[in-house]
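Here's the structure, in structure tokens; my notes come after.
The values are calculated or read from the model by the stated rules, or taken from the named source; none is laboratory data. These figures come from a predicted structure and were not determined experimentally. Here the Cβ is made from the backbone with ideal geometry for all residues, glycine too, and neighbour counts use every protein chain on show. Surface areas here come from the heavy atoms of the whole protein model, side chains and all, with no ligands, DNA or RNA. Shrake-Rupley method; radii C 1.70, N 1.55, O 1.52, S 1.80 Å.
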Amino acid sequence: MATGRAERDPSGDLAGALISPKVQHRASITEPKRVGALLRAVDDIDGQITTRAALQLIALTFVRPGELRHAEWKEFDLRGAVWSIPKEKMKMPRPHMIPLSRQAIALIADLREVTGSSPFLFPQIRSWHRPISDGTLNAALRRLGYDKTEMTAHGFRSTASTRLNESRLWHHDAIERQLAHMEADEVRAAYNAAEYWDERVRMMQWWADYLDDLRKSGAVVPIAKARRSRSAAS
């Protein structure tokens, strides 16, 4: 129609004929008490120590499962408390930096004693130079009794997003930036990356402490109480 090569627009004839795909969100647990139960179940995993550590770290960092599986030791600066993921490993082709909480640093330091001779934090048992498979974490959750309609490895991202947003302690843009949900506007994306780094550092430590509270108490921890305990500790 725009170039004069058609006398009418045929797209109207397709009305109702094309079905838009339904967006399916990955299953996740967001209710605090159930999050605590999940964390305790993960801590009690028998068998492969790297699988347990991987689930513990993904809960703390809420990265995408593929980013966790392919994590390499060279990406971690434990002294600087940061994990720098190169753009080649990201869904969006941009590097991503993750502030590491004290709990994450302790976990990673312990893991180095086990897998430090591999390039990967989480190598396969049979092939030390290859990362664990993409089904490893979900299979572990299934063995814990969580089916695919309840929780997935990717679901830890939704868990963190929901609880962090509902806490109302953190700027929404800081949460989105930590989830690596990038802005289409590159200027605004660069601004957010710089503007919210300090807040993200505080947020990631708060998140790790909050998970500890849920894990230990087995009950709902009021956000206000968690905030007061963090302030007192600092």
Check: If you go through the stretch 61-96 one residue at a time, how many are in contact with a Phe, Trp or Tyr (Cβ under 9 Å, 6 or more places away or on another chain) and within 18 Å of L107 (Cβ to Cβ)?
Finding: 16
Check: Which residue, of A180, A153, is in contact with a strand residue (DSSP E or B) (Cβ under 6 Å, 6 or more places away or on another chain), part of a loop (DSSP other than H, G, I, E, B) and either more than 20 Å from R69 (Cα to Cα) or open to solvent by less than 50 Å² (accessible area, probe 1.4 Å) (or both)?
Finding: A180
Check: For M97, are the conditions met, namely being open to solvent by 70 Å² or more (accessible area, probe 1.4 Å) and assigned to a strand (DSSP E or B)?
Finding: yes
Notebook entry, point to check: Of all residues in the stretch 125-150, how many are open to solvent by 40 Å² or more (accessible area, probe 1.4 Å), part of a loop (DSSP other than H, G, I, E, B) and out of contact with any Ser or Thr (no Cβ under 7 Å at 6 or more places or on another chain)?
Noted result: 11
Checklist line | Residues of the stretch 54-77 satisfying the condition of being open to solvent by less than 10 Å² (accessible area, probe 1.4 Å) and aliphatic (A, V, I, L, M) | finding: A54, L55, L57, I58, A59, V63, L68, A71
Check: Checking S118 against (1) farther than 25 Å from I49 by Cα; (2) open to solvent by less than 40 Å² (accessible area, probe 1.4 Å); (3) modelled with pLDDT of 95 or more, which single condition isn't satisfied?
Finding: (1)
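Okay, residues lined up against (1) at pLDDT 95 or above; (2) farther than 19 Å from K91 by Cα; (3) under 14 Å from the mean Cα position of the chain (by Cα):
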| site | (1), (2), (3) |
| --- | --- |
| R26 | no, no, yes |
| P32 | yes, yes, no |
| I45 | no, yes, no |
| Q48 | no, yes, no |
| A54 | yes, yes, yes |
| L60 | yes, yes, yes |
| P65 | yes, no, yes |
| E72 | yes, no, no |
Next item on the list: Sort through A41, A37, A109 and tell me the only one that's outside any strand (DSSP E or B), of a type in the set (A, V, I, L, M, F, W, C) and without any contact (Cβ under 8 Å) to a residue 40 or more places away in the chain.
Entry: A109
Next item on the list: For the stretch 100-122, state whether one or more residues are of a type in the set (G, A, S) and under 16 Å from the mean Cα position of the chain (by Cα).
Entry: yes
Next item on the list: List every residue pair whose Cβ atoms sit under 6 Å apart, with the two residues 6 or more apart in sequence or on different chains, where the first one lies in the stretch 57-86 and is touching a residue at least 40 places away in the same chain (Cβ under 8 Å) and farther than 14 Å from L179 by Cα and the second, anywhere, is part of a helix (DSSP H, G or I) and open to solvent by 40 Å² or more (accessible area, probe 1.4 Å).
Entry: H70/K89
